[in-house]
Amino acid sequence: MLAVAIERLEAELDAYLQELYEDFLAPFIPAKPEDQPQQFQHKVKAYCVLAHAAFEEFIETLSMWVMESAIDTWMNQRRPTDPLLALCMFYGVRISAVEAESEMQDH
């Protein structure tokens with residue numbers, strides 16, 4: 001299910017980047033000798049800024065999915081995952097363990 005959602009998200013990113021290309025870059029490709037930098041410099045910059053924002057949103061969405069999945073896995077199965085451990089380390093969570101094997105560990 002997650003793979004399908006990622007494929008959909010990737011397809012949306014591809015479609016958006018194609019729209020940006022058509023709006024901002026396609027009119028200048030192939031380059032014409034009479035085209036001057038003043039004609040396309042702001043359009044190229046706009047493309048770069050908007051494309052960067054689109055990639056950032058894509059990564060943020062994937063990161064949220066991974067985080068939510070890691071938390072759900074822990075809450076429902078009590079199974080730690082690499083993303084969960086990374087989150088714990090990032091937020092400075094301290095995990096304490098009782099040294100004596102005969103004593104019960106806290107959750």
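Where a number appears in this text, it was derived from the coordinates with a stated rule and is not lab data. Values in this document were obtained by computation on a predicted structure and should not be read as measured data. Cβ placement follows ideal geometry from the backbone for every residue including glycine, while neighbour counts extend to all protein chains displayed.
In a fully extended conformation the segment linking Arg78 and Met64 would gain 3.1 nm over its present Cα-Cα distance, using 0.36 nm per residue. Can you tell me the length gained on complete extension of the stretch Glu99 to Tyr16, counting 0.36 nm per residue apart and subtracting the Cα distance? Extra length available between Glu99 and Tyr16 comes to 24.5 nm. When you count the other C-beta atoms within 10 angstrom of each residue and take the mean per peptide, 33-41, 73-81 line up highest first as 73-81, 33-41.
Shape call for the chain from the C-alpha gyration tensor, a ≥ b ≥ c root eigenvalues: rounded (a/c under 1.5), prolate (a/b greater than b/c) or oblate? Prolate, because a/c is 1.5 or more and a/b exceeds b/c.
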